[in-house]
């Protein structure tokens, strides 16, 4: 139902340019093929189990930071820390590099994705008035070309590094980029993935997995703060299942009830607007 509702959604000029003329999963012509790759290759149980230590490591790092700040009696900007958490997870899953000051490429690519999200959400008059189509009145053309140039150069350099690593250690699954490169070399696939397909697909994954997840968690925490009785119930459940000094394990997820509901429906109490 949702596929048919959104497949004919018009593409604005900035999205079309940044997505390599619609070569990614979201806006590409191979929608069903993209969904198939997502389910069977990129996010199947084997891949997720392999990458789970990345998510666990970043989550535990955030918990330790919050615990340390609590002991020191210092405040924490959760918006920044949650965005850092999701950015670190996605960048490590994507290219095995943490988004931090030491990892310039990871930090650069997250900045590029943020710039892309900002320009896509802005009103572009050339998409609505036909005789302005070839006029860059608001500078969107110049800005989108700069973002595209930065992203393409960075991902191309990272892709070449991965290709060299694959030649030396073929068959070792390392991250999502490795998997996409293997798919592009597979002659049995019904659709051949090009270089531009891979770059656009990675852009979709990065854009869809950073601020969206962070905002969802932030909303859930805000709702818990506004409902002390639910917060108390969730804390008691976590203490009972995990303990006061333990860490959450993926295997214990099924034993949660209240916490699962909080994760699934963080914004049910708020009016959702487009």
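Residue 157 - would you say it is touching a helix residue (DSSP H, G or I) at 6+ places or on another chain (Cβ under 9 Å) and without any contact (Cβ under 8 Å) to a residue 60 or more places away in the chain?
yes
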Answer from 131, 123 - the residue that is out of contact with any strand residue (DSSP E or B) (no Cβ under 8 Å at 6 or more places or on another chain), loosely packed, with under 12 Cβ neighbours inside 10 Å and not in a helix (DSSP H, G or I): 123
Condition broken by residue 133, with the remaining ones in (1) closer than 30 Å to residue 81 by Cβ; (2) in the same structural domain as residue 113 (by TED's automatic domain parsing) satisfied: (1)
Residues of segment 185-204 that turn out to be in contact with a helix residue (DSSP H, G or I) (Cβ under 8 Å, 6 or more places away or on another chain) and surrounded by 17 or more Cβ atoms within 10 Å (Cβ to Cβ), as a count: 7
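Scan segment 134-144 for residues that are exposed (fewer than 14 other Cβ atoms within 10 Å of the Cβ) and assigned to a helix (DSSP H, G or I) and jot them down. Lay out the reasoning, then the answer.
So in segment 134-144, the residues exposed (fewer than 14 other Cβ atoms within 10 Å of the Cβ) come out as 134-135, 137, 139, 142.
Listed by number, the list holds a single entry, 142.
In this structure, is residue 50 part of a helix (DSSP H, G or I), out of contact with any helix residue (DSSP H, G or I) (no Cβ under 7 Å at 6 or more places or on another chain), surrounded by 13 or more Cβ atoms within 10 Å (Cβ to Cβ) and at pLDDT below 90?
On the way: part of a helix (DSSP H, G or I): yes; out of contact with any helix residue (DSSP H, G or I) (no Cβ under 7 Å at 6 or more places or on another chain): yes; surrounded by 13 or more Cβ atoms within 10 Å (Cβ to Cβ): yes; at pLDDT below 90: yes.
In short, yes.
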Filter result (farther than 16 Å from residue 46 by Cα, surrounded by 11 or more Cβ atoms within 10 Å (Cβ to Cβ) and at pLDDT below 85) within segment 164-184: 165, 166
Any hit, segment 153-163, residues being in a loop (DSSP other than H, G, I, E, B) and closer than 24 Å to residue 118 by Cβ: no
Failed item, numbered, when residue 253 is tested on (1) at pLDDT 80 or above; (2) in contact with a helix residue (DSSP H, G or I) (Cβ under 9 Å, 6 or more places away or on another chain); (3) surrounded by fewer than 13 Cβ atoms within 10 Å (Cβ to Cβ); (4) in a helix (DSSP H, G or I): (1)
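The values are calculated or read from the model by the stated rules, or taken from the named source; none is laboratory data. All figures in this text were calculated on a predicted structure; none of them were measured in a lab. When we count neighbours, we look across all protein chains shown, and the Cβ atoms used for this are built from the backbone with ideal geometry, even at glycine.
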